[in-house]
Amino acid sequence: MTLIETLNQDMKAALRAGRKLELSALRMALAAVKTKEIELRAKLSDAETVGVLEKLIRQGRDAEAQFRSGGRDELAAKEAAEIVVFERYLPKALGQDEIEALIKSAIEASGASGIKDMGRVMAAVKAEAAGRADMGAVSARVREILTAG
């Protein structure tokens, strides 16, 4: 079963059970997926669907921070709850040790010797860690390693 089919089934279950917040979040996710499919003129793979969910999570975190700074705690709480719903559909996150090992193997495989090779290293790491790690943090760590040695 594809991730999109899982989202659809869970949306129907949330509708039947009367879980309004979950229903709203899943409808938002499916609408974002449909928009991306229309944009690309193709069905999304599970990896592409995960990318859409990650984007929704990033946007939700930004909105949550803005609501909190604006004193709108009820809206911030709603955004946080939606993020929890989206995160259920992401693949299991990599641990810090796994990320370090992945970075080191990508550096060795690409023969990277300095910061000029960061693009090649990140491409290799992203292929393995996309959807399972915060790529911003991974990028910072790769930069740290490449500049240090």
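The numbers here are math on the coordinates, done by the rules we state, and not lab data. Since the model is a prediction, treat every value here as computed from it, not as a measurement. Here the Cβ positions follow ideal geometry from the backbone for every residue, glycine too, while neighbour counts run over all protein chains shown.
Show that you can apply the helix-only estimate: for the chain, add -39,500 (n - 2.57) for every DSSP H stretch of four or more residues, divide by all residues, and state [θ] at 222 nm to the nearest 500.
Working: 7 runs with 116 residues, N = 149.
Calculated from helices alone, the mean residue ellipticity at 222 nm is -26000 deg cm²/dmol.
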**Request:** Taking 7 Å along the Cα-to-C-beta vector as the label spot, tell me the A31-D134 distance in nanometres, rounded to one decimal.
**Result:** 2.8 nm
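When you have a sec, figure out the Kirkwood radius of the chain from all distinct Cα pair distances and drop it here in Å to one decimal?
Evaluated on the chain, it is 17.3 Å.
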**Asked** Within the set K34/K104; K34/K116; K12/K43, which residue pairs have Cα atoms separated by over 32 Å?
**Response** K34/K104; K34/K116
**Nearby lysines by direct alpha-carbon distance to K36 (threshold 21 angstrom, same-chain neighbours under 8 apart not counted)** = K55, K126
**FRET efficiency, A101 to E39 (Cβ-Cβ, R0 41 Å, nearest 0.05)** = 0.70
**Complete:** Between A17 and A127, Cβ-based FRET efficiency (R0 35 Å, step 0.05) works out to 0.40
**Complete:** With the dipole of the chain defined by +1 on each Lys or Arg Cβ and -1 on each Asp or Glu Cβ, the option from A112, A47, V138 whose Cα lies farthest towards the positive pole is A47
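Are there DSSP H segments in the chain that both extend 27 Å or more along their axis (alpha-carbon positions) and score a mean Kyte-Doolittle hydropathy of at least -1.0? List them, or say none.
Length and hydropathy pass: 20-40, 46-69.
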